[in-house]
Amino acid sequence: MASKPICSLALLLASALPACAQPASPPALAAENVAAPAYADVADLVIASDLVIDAAIASTVRIKGAEAANVPPGVTRYYVEADVTALIRGINAVAPRVGYVLDAPLGPDGRQPKFKKARVLLFARAVAGSPGQIQLVTPDAQRGWTPALDAVTRRIAGELVAGDAPPVVTGIGNAFHVPGSLPGEGETQVFLTTRDNRPVSLSILRRPGEQPRWAVALSEIVDDAAGPPPRDSLLWYRLACALPPVLPQRSTHALDANDARIAQDDYRFVVAQLGPCRRDGAGG
């Protein structure tokens, strides 16, 4: 290994250890062992990363002694160098070769995994003051490359920078219900809170003898032609992974008991339609 990476290893370890010290369940990293990824897992990684890099591992050196003192049993710490193939997410260019610290589990047979020449996706941030060095955002943020993971990663990276990208949902605001002229008819609106105060609302329309219809609006005006977000899209993720299972009581405090009950039922219908925010965690 060249002298420059060795000289910068102490700085890199100092910045990387907080993210790598506690891999709760380190994943297998070989591409053939990576299952089809859960959208929410990948979205979590892409959103947390300033850099998403498609790379091929050039070399690994095992880190021993005091610099690996806090590594859990069954895990080995490495200094890895990888050649950048493509920058999927990032404002600034990166060096052709990057270095980083990786905590990786031993294989089922207790042997150290072989990484050289493996194609990987790296979800990372730059290390301040150390050009060419990066820090993985989580212990499992080196993922074995697969076509499915690559496709989902690139799609999410594109969704995040799109002009119509949905805001981060932070909670529930007020809910309202307006009964219709017929029994069982009515409309519920639920206003959501967002990090940047952009408007987001849910509308649920009920008509007698029909399946309830619901839609999400990203402006002050509710589009009658709008509908639910496609599953495994950024808008779906913002809702399914952030909304609580039931309306908080404060959201319906201005409604009478019957309207509050209907609003709560309509909200639960939306949550059920969104489905669970599935996260497979390590190894996804």
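Below is a table of values for the structure above.
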item: Single match in A56, A104, A43 (criterion: small (G, A, S) and within 30 Å of P167 (Cα to Cα)); result: A43
item: Residue within the range 244-254 that is under 30 Å from A36 (Cβ atoms), surrounded by fewer than 17 Cβ atoms within 10 Å (Cβ to Cβ) and assigned by TED's automatic domain parsing to the domain that holds H177 present; result: yes
item: Criterion (buried (at least 18 other Cβ atoms within 10 Å of the Cβ), at pLDDT 95 or above and in contact with a Gly (Cβ under 7 Å, 6 or more places away or on another chain)) met by exactly one of D41, D54, D50; result: D41
item: Matching residues, the range 188-226, being touching a Gly at 6+ places or on another chain (Cβ under 7 Å), touching a residue at least 24 places away in the same chain (Cβ under 8 Å) and over 16 Å from I172 (Cβ atoms); result: R206, P208
item: Test: residue in the range 139-160 that is within 30 Å of T85 (Cβ to Cβ) and in contact with a Phe, Trp or Tyr (Cβ under 7 Å, 6 or more places away or on another chain); result: yes
item: Any hit, the range 257-264, residues being under 28 Å from Y39 (Cα atoms) and touching a helix residue (DSSP H, G or I) at 6+ places or on another chain (Cβ under 6 Å); result: no
item: Members of the range 179-207 that are at pLDDT below 95, surrounded by fewer than 13 Cβ atoms within 10 Å (Cβ to Cβ) and in contact with a strand residue (DSSP E or B) (Cβ under 7 Å, 6 or more places away or on another chain); result: G184
item: Count of residues meeting criterion [touching a Pro at 6+ places or on another chain (Cβ under 7 Å) and crowded, with 18+ Cβ neighbours inside 10 Å] in the range 85-107; result: 4
item: The listed residue being under 28 Å from Y39 (Cα atoms), out of contact with any Gly (no Cβ under 6 Å at 6 or more places or on another chain) and either among the basic types (K, R) or not assigned by TED's automatic domain parsing to the domain that holds S233 (or both), out of V71, V137; result: V137
item: Search result, residues across the range 114-172 that are outside any loop (DSSP other than H, G, I, E, B), closer than 18 Å to V42 by Cβ, of a type in the set (A, V, I, L, M) and in contact with an Asp or Glu (Cβ under 7 Å, 6 or more places away or on another chain); result: L121
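Okay, residues lined up against (1) assigned to a loop (DSSP other than H, G, I, E, B); (2) among the acidic types (D, E):
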| residue | (1), (2) |
| --- | --- |
| D196 | yes, yes |
| Q211 | yes, no |
| A215 | no, no |
| L243 | yes, no |
| D259 | no, yes |
| R279 | yes, no |
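The values are calculated or read from the model by the stated rules, or taken from the named source; none is laboratory data. Since this is a predicted model, take the numbers as computed values, not measurements. Note: ideal-geometry Cβ built from the backbone for every residue, glycine included; neighbour counts use all protein chains shown.
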